[in-house]
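I have placed the structure first, in the form of structure tokens, so that the comments after it can refer back to it.
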There are 2 protein chains.
Amino acid sequence: MRTTRAPDPGHVRVRLDLAYDGAGFAGFARQPEQRTVQGEVEAALTAVLGQPAVTTAAGRTDRGVHALAQVVHLDLDPTVPRAGPLLAGRDLAALRDRLARLLDPSITLWQATRVGSGFDARFSAVARGYRYRLIDDLAACDPRRRGEQWVVGEPLALTAMRSAARHLLGEHDFAALCRAAPGRSTVRRLDEVALHRPGPGRLDVRLRGPAFCHQQVRSILGCLVEVGRGRRDPDWLREVLAGRDRSRAARVAPPHGLTLERVSYGRRWPGAPPRWVAT
Amino acid sequence: MRTTRAPDPGHVRVRLDLAYDGAGFAGFARQPEQRTVQGEVEAALTAVLGQPAVTTAAGRTDRGVHALAQVVHLDLDPTVPRAGPLLAGRDLAALRDRLARLLDPSITLWQATRVGSGFDARFSAVARGYRYRLIDDLAACDPRRRGEQWVVGEPLALTAMRSAARHLLGEHDFAALCRAAPGRSTVRRLDEVALHRPGPGRLDVRLRGPAFCHQQVRSILGCLVEVGRGRRDPDWLREVLAGRDRSRAARVAPPHGLTLERVSYGRRWPGAPPRWVAT
């Protein structure tokens with residue numbers, strides 16, 4: 001499974017770092033007849049470079065989920081007319097600028113780099129980091145940013161949520177907390193679930209692990225909010241996890257509160273999220 | 001002109017502190033057949049308190065302009081059925097919560113207070129503060145927040161813009177830099193025009209003064225960006241201001257980059273913007 005296809009001879013491998021507002025897309029992954037982030041990016045690449053463009057991504061975010069630091073790679077033929085100058089050098093700023101002007105403002109292409117053929121946006125990633133933003137007091141909602149936070153509207157018990165979150169740390173079968181795909185393991189390792197209040201009435205949850213299953217973060221958040229609302233004890237989440245039965249878990253949290261904020265590739269391919277991530 | 005109408009006998013004066021995303025509104029001020037912030041807030045007040053509600057605001061923001069700290073006042077009759085309990089005490093949290101649940105999520109009512117009859121949201125205000133957010137590098141745009149910043153897309157010269165801004169400080173006739181209303185003075189005092197970069201590719205302009213004319217901030221911004229782009233010298237702005245001729249100024253900047261962030265009422269009516277303003 002975890003093998004990286006080498007580029008065709010004569011092709012160069014390019015890494016793109018993207019941010020997007022998930023609101024107007026049917027998710028990241030290309031789908032026929034749907035507006036998707038991958039579809040838009042590939043169309044822009046084809047328009048600028050005059051060749052087919054097929055990207056592989058670090059994380060296929062769901063419909064409505066945002067990203068500040070999505071990473072994709074693809075292989076391109078520099079011998080196609082006009083493509084050569086745009087693919088020369090390591091920092092492909094000219095390519096980035098050409099693409100950025102074509103892309104809808106809901107997608108920011110903040111970096112384009114030429115990388116070695118060993119780099120794979122999906123399989124070289126060693127960690128993925130998400131942030132989920134909650135508002136638990138209507139009066140604390142900056143209405144300009146309501147598209148990036150879930151307004152729960154009743155006070156959440158932070159200490160109880162932290163106790164519940166601790167049950168999830170480490171390696172577990174997350175079958176109860178994700179949408180299973182036939183034949184695929186639901187065993188994952190979770191290295192961090194950090195809850196903090198950046199201000200009154202606001203609660204941020206940061207999650208980090210090598211990889212996540214489909215809807216895992218939103219399912220975890222749905223359960224943590226049940227605990228925060230006092231409808232469940234913190235230990236209920238341990239039982240749900242152990243039961244491996246999705247019907248016992250809470251409903252998934254809405255997608256718009258979630259942002260893919262970081263994908264790490266270790267020392268071999270250093271890189272940082274854009275400096276505006278924290279703002 | 002600058003007189004405050006006292007409430008009718010038996011009425012109580014209420015102050016509301018509001019935030020809103022200006023995107024979906026035809027501005028703040030009530031207009032027939034249009035969706036406005038004032039119209040929505042007054043309709044919610046009437047629904048909750050069973051009586052007509054006519055508000056007076058600190059700043060009538062234009063179509064598309066946001067606010068984090070708009071202030072309005074109105075006079076209400078506590079003898080109307082159901083209104084009494086909601087208008088008792090100083091902190092009207094119950095009223096705030098009832099209204100908040102009725103209002104569209106693009107409006108946050110973050111505070112409701114009973115105030116003395118000497119308070120007037122418009123005429124008691126001693127200072128108003130605005131922030132305009134600019135992005136001068138496409139790669140620095142957080143796409144989730146593109147609705148609150150003007151993406152200029154080419155590098156702006158901060159030092160030149162600061163030199164130009166200095167010409168505006170103090171009291172001037174701003175006829176060249178606002179949309180005049182017949183019979184109304186365009187003399188205003190500007191106490192602060194502060195430019196800084198909160199991160200690479202981003203530029204914030206904060207403006208503060210006792211009061212502003214119609215479109216004054218957006219007109220100033222339009223001119224500052226012309227200077228930042230190198231199309232005009234900093235001293236050009238001094239000439240524009242002195243000429244009092246609006247046709248010599250630059251086009252107004254788009255409204256969505258602008259937010260009313262603060263209205264101050266001095267020591268007699270202390271108050272602070274919501275703590276989430278800075279985030």
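The values are calculated or read from the model by the stated rules, or taken from the named source; none is laboratory data. Keep in mind that what you see is a predicted model, and the values were worked out from it rather than measured. Don't worry about glycine lacking a Cβ; one is built from the backbone with ideal geometry, like all the others, and counts go over all protein chains shown. Please note that ligands, DNA and RNA were not included when accessible areas were found on the heavy atoms of the full protein model with its side chains. Shrake-Rupley method; radii C 1.70, N 1.55, O 1.52, S 1.80 Å.
For the range A:178-279, which strands (runs of 3 or more DSSP E) that fit wholly inside it have 1 or more residues that are touching a strand residue (DSSP E or B) at 6+ places or on another chain (Cβ under 8 Å) and under 15 Å from A:R162 (Cα atoms)?
The qualifying strands (runs of 3 or more DSSP E) are A:187-190, A:192-196, A:202-209.
So how many residues does the range A:39-51 have that are buried (at least 22 other Cβ atoms within 10 Å of the Cβ) and touching a residue at least 60 places away in the same chain (Cβ under 8 Å)? Before you say what the answer is, go through the steps one by one.
Restricting attention to the range A:39-51, the residues satisfying the condition of being buried (at least 22 other Cβ atoms within 10 Å of the Cβ) are A:41, A:45, A:49.
Next, only the ones that are touching a residue at least 60 places away in the same chain (Cβ under 8 Å) stay: A:41.
Of the residues in the range A:39-51, 1 are buried (at least 22 other Cβ atoms within 10 Å of the Cβ) and touching a residue at least 60 places away in the same chain (Cβ under 8 Å).
Residues are listed down the side, and each one gets a yes or a no for (1) assigned by TED's automatic domain parsing to the domain that holds A:F25; (2) closer than 30 Å to B:V152 by Cα; (3) of a type outside the set (D, E, K, R):
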{"position": "A:P81", "(1), (2), (3)": "yes, no, yes"}
{"position": "A:R90", "(1), (2), (3)": "yes, yes, no"}
{"position": "A:A93", "(1), (2), (3)": "yes, yes, yes"}
{"position": "A:L102", "(1), (2), (3)": "yes, yes, yes"}
{"position": "A:A121", "(1), (2), (3)": "no, no, yes"}
{"position": "A:D142", "(1), (2), (3)": "no, yes, no"}
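State all residues of the range B:1-38 that are under 12 Å from B:D104 (Cα atoms) and open to solvent by 10 Å² or more (accessible area, probe 1.4 Å); if no residue qualifies, say none.
Matches in the range B:1-38: B:D21, B:G24, B:R35.
For the range B:98-157, which residues satisfy the criterion of being closer than 30 Å to A:V37 by Cα and hydrophobic (A, V, I, L, M, F, W, C)?
Once the filter is applied, which keeps residues that are closer than 30 Å to A:V37 by Cα and hydrophobic (A, V, I, L, M, F, W, C), the range B:98-157 yields B:I107, B:L134, B:I135, B:L138, B:A139, B:A140, B:C141, B:W150, B:V151, B:V152, B:L156.
For the structure I just gave you, tell me whether B:T159 is of a type in the set (S, T, N, Q) and farther than 23 Å from B:I220 by Cβ.
Values: of a type in the set (S, T, N, Q): yes; farther than 23 Å from B:I220 by Cβ: no.
For B:T159, the condition - of a type in the set (S, T, N, Q) and farther than 23 Å from B:I220 by Cβ - is not met.
Return the total of residues in the range B:57-71 being away from chain A (no Cβ under 14 Å) and either among the aliphatic types (A, V, I, L, M) or touching a strand residue (DSSP E or B) at 6+ places or on another chain (Cβ under 6 Å) (or both).
Adding up the residues that qualify gives 4.
Considering A:R96, A:R114, A:R131, which residue is part of a strand (DSSP E or B), within 12 Å of chain B (Cβ to nearest Cβ) and open to solvent by 30 Å² or more (accessible area, probe 1.4 Å)? Reasoning before the result, please.
Details: A:R96 fails: part of a strand (DSSP E or B); A:R114 fails: within 12 Å of chain B (Cβ to nearest Cβ).
When all the criteria are applied, what remains is A:R131.
Yes or no: B:Q70 within 21 Å of B:Y265 (Cβ to Cβ) and either open to solvent by 30 Å² or more (accessible area, probe 1.4 Å) or in a strand (DSSP E or B) (or both)?
yes
Of the residues A:L86, A:L74, A:L102, only one is within 14 Å of chain B (Cβ to nearest Cβ) and in contact with a helix residue (DSSP H, G or I) (Cβ under 8 Å, 6 or more places away or on another chain); which?
Going through A:L86, A:L74, A:L102 in turn, just one is within 14 Å of chain B (Cβ to nearest Cβ) and in contact with a helix residue (DSSP H, G or I) (Cβ under 8 Å, 6 or more places away or on another chain): A:L102.
What's the total number of residues in the range A:227-247 that are crowded, with 17+ Cβ neighbours inside 10 Å and closer than 21 Å to A:R208 by Cα?
6
Is it the case that B:R202 is touching a helix residue (DSSP H, G or I) at 6+ places or on another chain (Cβ under 7 Å) and of a type in the set (D, E, K, R)? Step through it out loud before you land on a result.
Details: touching a helix residue (DSSP H, G or I) at 6+ places or on another chain (Cβ under 7 Å): yes; of a type in the set (D, E, K, R): yes.
Spelling it out, B:R202 is indeed touching a helix residue (DSSP H, G or I) at 6+ places or on another chain (Cβ under 7 Å) and of a type in the set (D, E, K, R).
I'm trying to understand the selection: among the residues of the range A:178-204, which are open to solvent by 50 Å² or more (accessible area, probe 1.4 Å) and aliphatic (A, V, I, L, M)?
Hits for the range A:178-204 are A:A180, A:V187.
So which of B:V80, B:V54 is farther than 21 Å from B:F25 by Cα, more than 13 Å from every other protein chain (Cβ to nearest Cβ) and open to solvent by 10 Å² or more (accessible area, probe 1.4 Å)?
Only one candidate qualifies: B:V80.
What single numbered condition from (1) open to solvent by 30 Å² or more (accessible area, probe 1.4 Å); (2) in contact (Cβ under 8 Å) with a residue 40 or more places away in the chain; (3) among the aliphatic types (A, V, I, L, M) fails to hold for B:V252?
(2)
With the condition kept exactly as written, say whether any residue in the range B:141-149 is open to solvent by less than 40 Å² (accessible area, probe 1.4 Å), touching a Leu at 6+ places or on another chain (Cβ under 7 Å), closer than 27 Å to A:Q111 by Cα and touching a residue at least 40 places away in the same chain (Cβ under 8 Å).
Yes, that holds for at least one residue.
For residues that are within 14 Å of chain A (Cβ to nearest Cβ), at pLDDT 95 or above and in contact with a Lys or Arg (Cβ under 6 Å, 6 or more places away or on another chain), scanning just the range B:136-184, find the one that is farthest from B:A67 (Cα to Cα).
It comes out as B:Q149.
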